[in-house]
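The values are calculated or read from the model by the stated rules, or taken from the named source; none is laboratory data. Fair warning: this is a prediction, and the values are worked out from it, not measured in the lab. FYI the Cβ positions are ideal-geometry reconstructions off the backbone, even for glycines, and counts take in every protein chain you see. These area figures cover heavy atoms from the full protein model, side chains too; ligands, DNA and RNA do not enter into them. Shrake-Rupley method; radii C 1.70, N 1.55, O 1.52, S 1.80 Å.
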Amino acid sequence: MAVFTTVSPEELSLWLEHYPVGILQDLVPIAAGIENTNYFVHTSTGRYVLTLFEKLQPQELPYYLGLMNHLATQGLPCPAPLLNQQRQFHALLKGKPTSLVTRLGGQSQTHPTVDHCIALGHMVARLHQSALTFEGVQDNPRGQGWRIRTAREIRPFLTSFQQALLDHALAQAAPFDSTLPQGPVHADLFRDNVLFEGARISGLIDFYFAGTDNWVYDLAIVANDWCMTPQARLDPLRLSALLGAYHEKRPLSAEEIKHWPRMLVTAALRFWLSRLHDQHQPRIGSLLNPHDPAWFERILSHHLEQPCPCPL
């Protein structure tokens, strides 16, 4: 992610003495994202990712790191957090709670094909089913309460047109529905958070927005990124591939299919709001690259103007 906290090789070497990873050989900052500070770490025993959490507090981390560990032990291609000598998945570094996880191979796909969407549909269904046995509990941190609070904060910065769009979207957004299938969700499974080696998914990363929500909402987040055309429209072929593959592994219920158009709106609204907040309430980072909110404004407008039925 963006580098908010600079770590020197000397500082990291001392911190790594509490982990069974050998001697530090290389430390490279990762210039992507906007939430935490991340580094690629190469030691004499392997390659890892170091994350300094800029917002999350130590008491919040057991859920995220525990979920990643649970999924990795279930055989999913997720980063596995390392335990230190105190048998904890995190420890303070530069005054920030920090974790060290295994680095996965592969590359993200910036131009996904139908085949990529099929592989991802299968994997998301597998993720949902595997996460269901995780004992940790946490509400979606970017759920309805967050949407309402963030909308209130950024409203003064919006044009009258954007304010009207926001009001329309808030009225259409679907709150968490306890009657729909639910469980831990990734909630941020964009193209840059999925790694491929050829046609095989080799990594699912960045679980730090995870929480309990409706599974169909998580699927809508995926569709809004993986199946979108440059014109901010859903590509029918990729969408059918994604949902059909998911449905093969974990059939969608009639109620989930009915709520699909509202879930697309809700997912688009969540990311429009977060990008607006990052634009108007920026944080300082030496490699900060905030996302343009205009893209999700276009997606949200389209979903509201032309609701997309589920193609199943």
> Cβ-Cβ below 8 Å, separation at least six or inter-chain, first residue in the range 222-246 and without any contact (Cβ under 8 Å) to a residue 24 or more places away in the chain, second hydrophobic (A, V, I, L, M, F, W, C): which pairs?
Replying inline: Asp235/Cys227; Asp235/Met228
> So, of the residues in the range 52-80 that are without any contact (Cβ under 8 Å) to a residue 60 or more places away in the chain and buried (at least 21 other Cβ atoms within 10 Å of the Cβ), which turns out to be nearest to Arg126 (Cα to Cα)?
Replying inline: Leu65
> Residues of the range 2-41 being open to solvent by 50 Å² or more (accessible area, probe 1.4 Å) and within 28 Å of Ala210 (Cα to Cα), which ones?
Replying inline: Thr6, His18, Pro20, Val28, Pro29, Ala31, Phe40
> Looking at this structure, is Gly136 in a loop (DSSP other than H, G, I, E, B) and surrounded by 13 or more Cβ atoms within 10 Å (Cβ to Cβ)?
Replying inline: yes
> Counting only residues that are assigned to a helix (DSSP H, G or I) and open to solvent by 10 Å² or more (accessible area, probe 1.4 Å), how many does the range 207-238 have?
Replying inline: 5
>> Test of understanding: among Gln88, Gln107, which residue is open to solvent by 30 Å² or more (accessible area, probe 1.4 Å) and under 20 Å from Val28 (Cα atoms)?
In response: Gln107
>> Restricting to the range 276-312, name every residue that is modelled with pLDDT under 95, in a helix (DSSP H, G or I) and surrounded by 15 or more Cβ atoms within 10 Å (Cβ to Cβ).
In response: His277, Asp278, Gln279
> If you go through the range 20-64, how many residues are of a type in the set (Gly, Ala, Ser) and modelled with pLDDT under 95?
Replying inline: 3
>> Looking only at the range 243-255, filter to residues that are within 21 Å of the chain's Cα centre (by Cα) and open to solvent by less than 20 Å² (accessible area, probe 1.4 Å); which one of those is nearest to Ile118 (Cα to Cα)?
In response: Ala245
